[in-house]
1. Please report, ordered by residue number, the helices (runs of 4 or more DSSP H) entirely within the stretch 71-179 with at least 1 residues that are surrounded by 10 or more Cβ atoms within 10 Å (Cβ to Cβ) and in contact with a Pro (Cβ under 8 Å, 6 or more places away or on another chain).
2. Give the residues of the stretch 54-68 that are outside any helix (DSSP H, G or I) and loosely packed, with under 15 Cβ neighbours inside 10 Å, sorted by residue number.
3. I'd like the full set of residues that are at pLDDT below 85, within 30 Å of Tyr95 (Cβ to Cβ) and hydroxyl-bearing (Ser, Thr, Tyr), limited to the stretch 23-74.
4. Considering only the stretch 34-86, state which residues are more than 21 Å from Gln96 (Cβ to Cβ) and of a type in the set (Asp, Glu).
5. Is there any pair linking a residue in the stretch 29-48 that is surrounded by 15 or more Cβ atoms within 10 Å (Cβ to Cβ) to one that is at pLDDT 85 or above and small (Gly, Ala, Ser), with Cβ under 7 Å and at least six apart or on different chains, and which?
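The values are calculated or read from the model by the stated rules, or taken from the named source; none is laboratory data. None of the values given here were measured: they were computed from a predicted structure. Ideal geometry is used to build each Cβ from the backbone, glycine not excepted, and the neighbour counts take in all protein chains shown.
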Amino acid sequence: MQLRRMVPSPYRGELRMARKMRGGERVLVGGQMRKPSRRDWSKAKIENFLSALAETCNVRLAAAEAGVSVSGAYKRRKADAGFRGAWMEAIGAAYQRLEMVLLERAFVGTEKLVRRKDGSEERMVDYPNQLALTLLKMHRDTAADATTEIEQEDVEEVRERILAKLERLREREAAAAGE
């Protein structure tokens, strides 16, 4: 028997040892060696789940993509801090991508096909005003901060503080070199 890895089990906080044995991989859970079940989380399942979560921002769809249960995903998130952090990163990436798509729709619009009663068709661009207003409300403070000019007095104060700090660092370096 060759010990392959020791990983935390999603069940009852136990350590699980995976070993390569005749007849395939076995895992040690609760003092017993057994074949891994479909409920066990492999690296591939974790990667598939997090990838799907980052793409869809939907736990149910991500769980289906990875072949795990939704409740199992939430249990793992509760028990495993590393998984919880990766989950939050995936959700953050999904929200950023969603926000970019919504911004693009607000700026560029979406093309619509309009059919008239006489049977003719016309393509037109629709700009979702409600979406644009929502995005403006969300980013009002950020935009205000970005357009605010810094007072010259503040710039001078910061410059003086930086120069004073540099001088202290030079003095400290010179004192250290003299010792």
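1. Working: elements: 81-108, 129-147, 152-178.
Because the criterion is at least 1 residues that are surrounded by 10 or more Cβ atoms within 10 Å (Cβ to Cβ) and in contact with a Pro (Cβ under 8 Å, 6 or more places away or on another chain), the helices (runs of 4 or more DSSP H) in the stretch 71-179 that meet it are 81-108.
2. The first filter runs over the stretch 54-68 and keeps only residues outside any helix (DSSP H, G or I), leaving 57-58, 67-68.
Within the stretch 54-68, Asn58, Gly67 meet the criteria.
3. Ser42
4. Once the filter is applied, which keeps residues that are more than 21 Å from Gln96 (Cβ to Cβ) and of a type in the set (Asp, Glu), the stretch 34-86 yields Asp40, Asp80.
5. From residues that are surrounded by 15 or more Cβ atoms within 10 Å (Cβ to Cβ), the pairs are Lys45/Ala66; Lys45/Gly67; Asn48/Ala66.
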